[in-house]
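Novice: What follows is a structure written as structure tokens; I'll ask about it next.
The values are calculated or read from the model by the stated rules, or taken from the named source; none is laboratory data. Every value quoted in this text rests on a predicted model; they were computed, and no experiment measured them. Methodologically, a virtual Cβ is constructed for each residue, glycine included, from the backbone with ideal geometry; neighbour enumeration extends over all protein chains shown. Areas reflect the complete protein model, heavy atoms only, side chains present, ligands, DNA and RNA absent. Shrake-Rupley method; radii C 1.70, N 1.55, O 1.52, S 1.80 Å.
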Amino acid sequence: MKRFLIKAFLRLFSWLPLCVHHFNAHIIGWIASLTYRTKVVRSNIDQAFPEKTEKERRKIFKAFYLHFGQIITETIWFGGSSPRRLSRSRIITVKNPDELRRLAAKPEGTIVMFAHTGNWEVLAGFPYFDYGPEGSPLTVANTAEVYKRLTDKVWDDIIRENRIHALGKDYDNYVETNSILRHILEHKNQGMFYFLCTDQWPYGSAKGYTHVTFMHRKTRSMTAAAAVARKLNMAVTYLSIVRNPNGRRYVVELKPIADNASELPEQEIIEKYYKYIEEDIYADPGNYLWSHRRWKKAPDTQ
């Protein structure tokens, strides 16, 4: 019953136009700014931007919560969208589709690393983004969404359906993190793209992680994406997701890290990746998920 009620609620609201969802984002963001992890958000912003004034950091705080509201409402909208609706919305425009076409010609495949910038929950609409007149180089056959299974089975099922709704029930490239290596080997030499979010604190059971300096602080980072790419001679690229100047809809850009990851040390791949993240954050500080604790321990205990 819980699953049915949540899905019915989300589907009902998903039918509203995107402009209505963007209006609702202001309301949800304002409510969240009063109640949702405000101490964590303030602490993260204060420590990430020590060079900014208190007034400037308050502005980032407000910008984040509006963006947070947009993530929620756009995700709901996305879960009820058809391919035609996604194409017409142009919620994401690809800045350099030729880079995707170049990578699509590499049989070993590509690891696409991205952070919690923009709205990562709508990335599964990849066949229907705005790629210009030549159309999409990404299809349901050559692109895989990599995810971490949630403990709550109901929400895990709801989020899965929301993410792949527009791709159809037969989409079978929704890959759990523990199965990624097997999936890559099964699709060897098919030029697959694997989308992995990599800026989280490593999961408790993760055996592989490294340390990087991120926004002035030492933190742990997952390394699975880089490790898999190095092992299988895959390309690695960073997916930049930035907001349009009006704060609505997004522009994505592929920024190369390595054409053959085996030629770079794992640490260098991760550090290049975080350098790109920092560039995007400084360009639009409110466009990052500041409500999560990226720095859970003091540097000397990490």
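Novice: Considering only the range 203-224, I want to know if a residue exists there that is among the charged types (D, E, K, R), at positive phi and within 21 Å of the chain's Cα centre (by Cα).
Specialist: Scanning the range 203-224, I find no residue that is among the charged types (D, E, K, R), at positive phi and within 21 Å of the chain's Cα centre (by Cα), so the answer is no.
Novice: Further, regarding this structure: So, L86, is that one within 16 Å of R163 (Cβ to Cβ), at pLDDT 90 or above and buried (at least 21 other Cβ atoms within 10 Å of the Cβ) or not?
Specialist: Considered against the rule, which asks whether it is within 16 Å of R163 (Cβ to Cβ), at pLDDT 90 or above and buried (at least 21 other Cβ atoms within 10 Å of the Cβ), L86 comes out as yes.
Novice: Out of the residues in the range 249-272 that are charged (D, E, K, R) and either without any contact (Cβ under 8 Å) to a residue 60 or more places away in the chain or in a helix (DSSP H, G or I) (or both), state the one that is least open to solvent (accessible area, probe 1.4 Å).
Specialist: Among those residues, the one meeting the criterion is K255.
Novice: L10 versus (1) under 23 Å from R249 (Cβ atoms); (2) at pLDDT 90 or above: which is the lone unmet condition?
Specialist: Evaluating L10 over (1) under 23 Å from R249 (Cβ atoms); (2) at pLDDT 90 or above leaves (2) as the failure.
Novice: Residue check, F13 against (1) over 20 Å from the mean Cα position of the chain (by Cα); (2) under 16 Å from L289 (Cα atoms), all met but one. Which one?
Specialist: If we test F13 against (1) over 20 Å from the mean Cα position of the chain (by Cα); (2) under 16 Å from L289 (Cα atoms), just (2) comes out false.
Novice: Hey, could you check the range 35-49 for residues that are more than 8 Å from S291 (Cα to Cα) and without any contact (Cβ under 8 Å) to a residue 40 or more places away in the chain and say which is least open to solvent (accessible area, probe 1.4 Å)?
Specialist: Only one residue tops the list, namely S43.
Novice: Take Y128 and tell me if it is open to solvent by 20 Å² or more (accessible area, probe 1.4 Å) and touching a residue at least 40 places away in the same chain (Cβ under 8 Å).
Specialist: Considered against the rule, which asks whether it is open to solvent by 20 Å² or more (accessible area, probe 1.4 Å) and touching a residue at least 40 places away in the same chain (Cβ under 8 Å), Y128 comes out as yes.
Novice: Please go through (1) under 28 Å from A227 (Cβ atoms); (2) touching a residue at least 60 places away in the same chain (Cβ under 8 Å); (3) β-branched (V, I, T) for I92 and return the number of the only condition it doesn't satisfy.
Specialist: All conditions are met except number (1).
Novice: A further question on this structure: Can you tell me which residue is most open to solvent (accessible area, probe 1.4 Å) among those in the range 5-16 that are closer than 18 Å to A166 by Cα and in contact (Cβ under 8 Å) with a residue 60 or more places away in the chain?
Specialist: Of everything passing the filter in the range 5-16, W15 is most open to solvent (accessible area, probe 1.4 Å).
Novice: Can you list the strands (runs of 3 or more DSSP E) lying wholly within the range 149-248 that have 2 or more residues being open to solvent by less than 30 Å² (accessible area, probe 1.4 Å) and aliphatic (A, V, I, L, M)?
Specialist: In the range 149-248, the matching strands (runs of 3 or more DSSP E) lie at 235-243.
Quick grid of which residues meet (1) modelled with pLDDT of 95 or more; (2) open to solvent by 70 Å² or more (accessible area, probe 1.4 Å); (3) in contact with a helix residue (DSSP H, G or I) (Cβ under 8 Å, 6 or more places away or on another chain); (4) not aromatic (F, W, Y):
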{"residue": "L18", "(1), (2), (3), (4)": "no, no, yes, yes"}
{"residue": "A25", "(1), (2), (3), (4)": "yes, no, yes, yes"}
{"residue": "F64", "(1), (2), (3), (4)": "yes, no, yes, no"}
{"residue": "G79", "(1), (2), (3), (4)": "no, no, yes, yes"}
{"residue": "L100", "(1), (2), (3), (4)": "no, no, no, yes"}
{"residue": "K106", "(1), (2), (3), (4)": "no, no, no, yes"}
